[in-house]
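Participant: Got a structure for you, written out below as structure tokens; questions coming shortly.
The values are calculated or read from the model by the stated rules, or taken from the named source; none is laboratory data. For clarity, every value in this text was computed on a predicted model and none was experimentally measured. When we count neighbours, we look across all protein chains shown, and the Cβ atoms used for this are built from the backbone with ideal geometry, even at glycine.
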């Protein structure tokens, strides 16, 4: 486990921390932090490699209670996770054409705020990311994902220095 924790620090926490001082890195910070959160929440909720469900969104609310309820958590997931990771922007509507809340990022915002009266999200990328990292570090065995055999943690080969899965053949340029 120590090796995986060291890799987590080197591959994710340290690069994220280096980005926090860049006022233009908000979307990039979220694009790294959200998949980390997803892996953690999938394992925490028992969803593992299946479809997201109410247990997943309940686990989300455990990390971000300001999302208020499952419906708001689902909307956040559509706007930020699906928008940023599929289209590199915030999502305005879901696959069924339902309009999503207005959304933005700003460092002076709370980690995750939803204003029901305005139907609007605001996220502080740095604060959001710090909350994600804190949750993972406090529960690292869950993050490792023993319930997701198709997605084991990557490792660094002692023989080749390549990061990936054991048995990866060394890349040889021609």
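Participant: What residue, among those in the stretch 1-48 that are more than 16 Å from the chain's Cα centre (by Cα) and in a helix (DSSP H, G or I), is surrounded by the fewest Cβ atoms within 10 Å (Cβ to Cβ)?
Facilitator: Among residues in the stretch 1-48 that are more than 16 Å from the chain's Cα centre (by Cα) and in a helix (DSSP H, G or I), the one surrounded by the fewest Cβ atoms within 10 Å (Cβ to Cβ) is 2.
Participant: Quick one: residue 116 ticks every box in (1) over 24 Å from residue 13 (Cβ atoms); (2) surrounded by fewer than 16 Cβ atoms within 10 Å (Cβ to Cβ); (3) in contact (Cβ under 8 Å) with a residue 24 or more places away in the chain; (4) under 19 Å from the mean Cα position of the chain (by Cα) bar one, so which box is it?
Facilitator: If we test residue 116 against (1) over 24 Å from residue 13 (Cβ atoms); (2) surrounded by fewer than 16 Cβ atoms within 10 Å (Cβ to Cβ); (3) in contact (Cβ under 8 Å) with a residue 24 or more places away in the chain; (4) under 19 Å from the mean Cα position of the chain (by Cα), just (4) comes out false.
Participant: Next question, about the same structure. Could we say that residue 101 is in contact (Cβ under 8 Å) with a residue 12 or more places away in the chain and more than 17 Å from the chain's Cα centre (by Cα) here?
Facilitator: yes
Participant: To continue, here is another question. Take residue 168 and tell me if it is touching a helix residue (DSSP H, G or I) at 6+ places or on another chain (Cβ under 7 Å) and either modelled with pLDDT under 95 or in a helix (DSSP H, G or I) (or both).
Facilitator: In short, no.
Participant: For the stretch 49-62, which positions are surrounded by fewer than 20 Cβ atoms within 10 Å (Cβ to Cβ) and modelled with pLDDT of 95 or more?
Facilitator: 51, 52, 53, 54, 55, 58, 61, 62
Participant: Say whether the condition of being crowded, with 19+ Cβ neighbours inside 10 Å, in contact (Cβ under 8 Å) with a residue 60 or more places away in the chain and in contact with a helix residue (DSSP H, G or I) (Cβ under 9 Å, 6 or more places away or on another chain) is met by at least one residue in the stretch 69-79.
Facilitator: No, the conditions are met nowhere in the stretch 69-79.
Participant: Still on this structure, I have one more. Please enumerate the residues belonging to the stretch 119-129 that are closer than 20 Å to residue 35 by Cα and either without any contact (Cβ under 8 Å) to a residue 24 or more places away in the chain or in contact with a strand residue (DSSP E or B) (Cβ under 6 Å, 6 or more places away or on another chain) (or both).
Facilitator: 121, 122, 123, 124, 125, 127
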